[in-house]
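Below is one structure, written out as structure tokens; the observations come after it.
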Amino acid sequence: MGVIRKLFGDQGRKTEKTPLQDDPERTASHSSTNIVNTMSEKVKFTIDGKACVADKGMNLVDAAKINGIYIPTLCHLEGVKPAGSCRICNVRINGRPMTACTTEVAEGMVIENNIPEIQEMRKIIIETLFVSGNHFCPACEKSGNCELQALAYRYQMMVPRFPYEFEEKQVDATSPKLYIDRNRCILCKRCVRSIKKADGKSIFAIKGRGHKAIIIIDHKLAEAMTDEEAQRAMDICPVGSILRKERGYITPIGKRKYDTTPIGSDIEQNVTK
Amino acid sequence: MSKPIVATTSLAGCFGCHMSLLDIDERILELIELVDFNKSPVDDIKEFTQMCDIGLIEGGCCNSENVHVLKEFRKNCRILVSLGECAIMGGLPALRNNIPVRECIEEAYLNGPTVSGSNPDKILPNDQELPIILDKVYPCHEIVKIDYYLPGCPPQADLIWNALVALVTGDEMKLPYEVVKFD
């Protein structure tokens, strides 16, 4: 990961820690593109030279989306407080690399998204994820519906440039409805941040730190999950790490999400504004 | 001008990639107009008889013989192509990479449900003729230099066809979204 840190610099990190991110109201206001607030202030900015308009305070991933521009994400989920942990949404804002999901759009921003240097950085991140986990696509139940795989297709990864680590990782299949395959986990924390019980209790959590960090599941709470909740947990996992039991390979090859349509193409074709 | 010469092999693979090569259907007639084959299971030539232009490698390296064959290919082919997930990242054989070799062998010859009781002398394969199993399954590009990669399990026939045509004609390779897949 040293290579990546060098390439991206530390500018992106600083934005994550701005006090704005810790203000719950502020976070809520830029969390969803669906909120139609006619009173809200509009800001103008450009992405790769294209003039864009969005509500002030909206995060850049969502702001780009309503302008028909796709910024790839792995850890970001619409409606959930951004974490900025996967770095795949890095763009250049006024010349500086920053994560789009943790950045609020502002008047006059000049954003570079689909430029060769940024695309190469994203490809490096994807390749790093492929070698640091054990991603056996041909045998994975999520293949064809996997966001990491879809990004590798989009950025035409033929082979990672780094050596494979083949690190030993565990599978936890104790829960009746779900199992966690840590071979594929990219630690995006989507499950930790968004899968909660009605009383706010988390079903998933991170245990350990650094390269020893793993996702764990609260078996008691997981046992009480409905089929719908289990399905949602599986759907928000960008890889094949959280999977429902007895539901594997349910969609035939050719009909899966990313078999014929590249990830992000729906956003690029759907210029609503 | 003589035709470009192609060699192919299956290392720690399942021959699925070779099957996919045959899946180009009637274009196989065009292919034999375009290229000649040397060492390959397709024509059953066992040893290289001349320098080849293109070597297609299916499967990764799981034993010493795989490494030997791969190095022979590197010596005798101007361009080497990793064909399929096993050649690129070890593939399904590499699922054993986290398990000690002894444990794998004991499972296969002593403890597995299909062998238990049928090997009372607890003999593990030990003939000197047998290649030595490596500590793990290696992607081909971690053993020799590989020039091109065609992912897929197996790589789609169109991907193999497009790659061969591009290599033979020197034109840029067509890479439509639908043909580059990892499964």
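The values are calculated or read from the model by the stated rules, or taken from the named source; none is laboratory data. Fair warning: this is a prediction, and the values are worked out from it, not measured in the lab. Cβ placement follows ideal geometry from the backbone for every residue including glycine, while neighbour counts extend to all protein chains displayed. Heavy atoms of the whole protein, side chains included, go into the accessibility calculation; ligands, DNA and RNA do not. Shrake-Rupley method; radii C 1.70, N 1.55, O 1.52, S 1.80 Å.
Key figures
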quantity: Filter pass, B:Glu172 being modelled with pLDDT under 95, outside any loop (DSSP other than H, G, I, E, B), more than 18 Å from B:Phe73 (Cβ to Cβ) and out of contact with any Pro (no Cβ under 7 Å at 6 or more places or on another chain); calculated: no
quantity: Residue within segment A:232-245 that is in the same structural domain as A:Phe136 (by TED's automatic domain parsing), touching a residue at least 24 places away in the same chain (Cβ under 8 Å) and of a type in the set (Asp, Glu) present; calculated: no
quantity: Residue among B:Ile146, B:Ile160 that is in a loop (DSSP other than H, G, I, E, B) and within 14 Å of another protein chain (Cβ to nearest Cβ); calculated: B:Ile146
quantity: Subset of segment A:177-202 [in a loop (DSSP other than H, G, I, E, B) and surrounded by 14 or more Cβ atoms within 10 Å (Cβ to Cβ)]; calculated: A:Lys177, A:Arg182, A:Asn183, A:Arg184, A:Cys185, A:Ile186, A:Leu187, A:Cys188, A:Lys189, A:Ile195
quantity: Every residue from segment A:228-263 that is among the basic types (Lys, Arg) and exposed (fewer than 12 other Cβ atoms within 10 Å of the Cβ); calculated: A:Lys255
quantity: Residue that is outside any loop (DSSP other than H, G, I, E, B), hydrophobic (A, V, I, L, M, F, W, C), modelled with pLDDT of 95 or more and open to solvent by 10 Å² or more (accessible area, probe 1.4 Å), where the choices are A:Leu148, A:Leu129; calculated: A:Leu129
quantity: Segment B:133-143, subset crowded, with 17+ Cβ neighbours inside 10 Å and not hydrophobic (A, V, I, L, M, F, W, C), residue farthest from the other protein chains (Cβ to nearest Cβ); calculated: B:Tyr138
quantity: Tabulated pairs, segment B:1-13, first closer than 30 Å to A:Pro138 by Cα and among the β-branched types (Val, Ile, Thr), second open to solvent by 30 Å² or more (accessible area, probe 1.4 Å) and at pLDDT 95 or above, C-beta under 6 angstrom, 6+ apart or interchain; calculated: B:Val6/B:Phe37
quantity: A:Glu107 vs. criteria surrounded by fewer than 19 Cβ atoms within 10 Å (Cβ to Cβ) and outside the structural domain of A:Arg87 (by TED's automatic domain parsing); calculated: no
quantity: Hits in segment A:151-166 (condition: hydrophobic (A, V, I, L, M, F, W, C), surrounded by 20 or more Cβ atoms within 10 Å (Cβ to Cβ), closer than 24 Å to B:Ile99 by Cα and more than 7 Å from every other protein chain (Cβ to nearest Cβ)); calculated: none
quantity: Test result for B:Pro100, over 15 Å from A:Phe166 (Cβ atoms) and either within 14 Å of another protein chain (Cβ to nearest Cβ) or without any contact (Cβ under 8 Å) to a residue 60 or more places away in the chain (or both); calculated: no
quantity: Qualifying residue in segment B:25-47 (condition: buried (at least 23 other Cβ atoms within 10 Å of the Cβ) and within 14 Å of chain A (Cβ to nearest Cβ)); calculated: no
quantity: Meets criteria (polar (S, T, N, Q), within 28 Å of A:Asn67 (Cα to Cα) and either in contact with an Asp or Glu (Cβ under 8 Å, 6 or more places away or on another chain) or away from chain B (no Cβ under 14 Å) (or both)) for A:Thr260; calculated: yes
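Okay, residues lined up against (1) at the interface with another protein chain (Cβ under 10 Å from one of its Cβ atoms); (2) at pLDDT below 95:
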site: B:Leu70; (1), (2): no, no
site: B:Arg74; (1), (2): no, no
site: B:Arg78; (1), (2): no, no
site: B:Ser82; (1), (2): yes, no
site: B:Gly90; (1), (2): yes, no
site: B:Pro113; (1), (2): no, yes
